[in-house]
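To start, the structure under review is shown below, and the notes come after it.
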Amino acid sequence: MEAILPDGARVHYRPLRAGDHGRVLRGIELLSHASLDARFLASGYRRERIRLDWLERLGRDVAVGACDPLSGEPVGLARYVVADADEGVAEVAITIVDAWQGRGVGTVLLALLTREAEASGITTFVGTARADNRGARALARSLGPPALSVEDHGVIEWSFAVRAGRASHPQPAYTAA
Ligand SMILES: CC(C)(COP(=O)(O)OP(=O)(O)OC[C@H]1O[C@@H](n2cnc3c(N)ncnc32)[C@H](O)[C@@H]1OP(=O)(O)O)[C@@H](O)C(=O)NCCC(=O)NCCS
């Protein structure tokens, strides 16, 4: 699938598979410490630990990724892990490489992930972010009003009803094929 971002750039995006190891590893290399800290809500995360964790999760979690069709480089990854199968609850995390942040990729991937989740019977997304993470807060708004939003010690926890129609960005610049 292809999306045209508001700045005119194109990205290709699709569900990730176990064979996408190389792209995931490359994506980790492209992340700044600030992005890793924002993603993991802590500083000093060791890249080696993240590599092992993300590769192990590749076959387990539901994940969607985007790449730059011009360079083939990865630009972002969104994933969820089922936290409570009986209740249909999944925990979501999104990471966009620094050069592509704020350009609409997170919105595209979250919309795709939401569609995948809804098709799999997931009814609730939960997630956490630093309270000062303006990008994550804005992105979360695309899921509609939270069922739960709790801020504690600089970390915000959300819960959202999963509705695929809501997560698709209203901007007409986005196209999918
Ligand atoms: C947070 C993150 C996932 C957002 O993804 P993104 O691709 O940058 O977001 P988008 O470009 O799709 O923008 C989504 C919304 O966030 C806003 N936004 C994005 N970055 C922003 C920033 N730094 N400051 C303020 N708003 C920002 C956009 O304006 C947009 O708002 P709108 O829908 O009202 O127009 C991404 O910046 C990232 O990976 N950061 C590092 C890791 C992280 O923090 N992950 C989240 C915790 S799991």
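The values are calculated or read from the model by the stated rules, or taken from the named source; none is laboratory data. Please read all numbers here as calculations on a predicted model, not as lab measurements. Quick reminder, even Gly has a Cβ in these numbers, built from the backbone with ideal geometry, and neighbours come from all protein chains shown. The area values use the complete protein model at the heavy-atom level, side chains included, leaving out ligands, DNA and RNA. Shrake-Rupley method; radii C 1.70, N 1.55, O 1.52, S 1.80 Å.
So here's what we get for this one:
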{"quantity": "Subset of segment 38-53 [surrounded by 16 or more Cβ atoms within 10 Å (Cβ to Cβ) and either among the small types (Gly, Ala, Ser) or touching a strand residue (DSSP E or B) at 6+ places or on another chain (Cβ under 8 Å) (or both)]", "calculated": "38, 39"}
{"quantity": "Filter pass, residue 29 being among the acidic types (Asp, Glu), within 16 Å of the ligand (Cβ to nearest atom) and free of Cβ contacts under 8 Å to residues at least 40 places away in the same chain", "calculated": "yes"}
{"quantity": "Whichever residue in segment 82-108 is away from the ligand (no atom under 12 Å from the Cβ) and assigned to a strand (DSSP E or B) and, among such residues, is farthest from the chain's Cα centre (by Cα)", "calculated": "84"}
{"quantity": "Count of residues meeting criterion [open to solvent by 20 Å² or more (accessible area, probe 1.4 Å), within 16 Å of the ligand (Cβ to nearest atom) and among the β-branched types (Val, Ile, Thr)] in segment 109-134", "calculated": "2"}
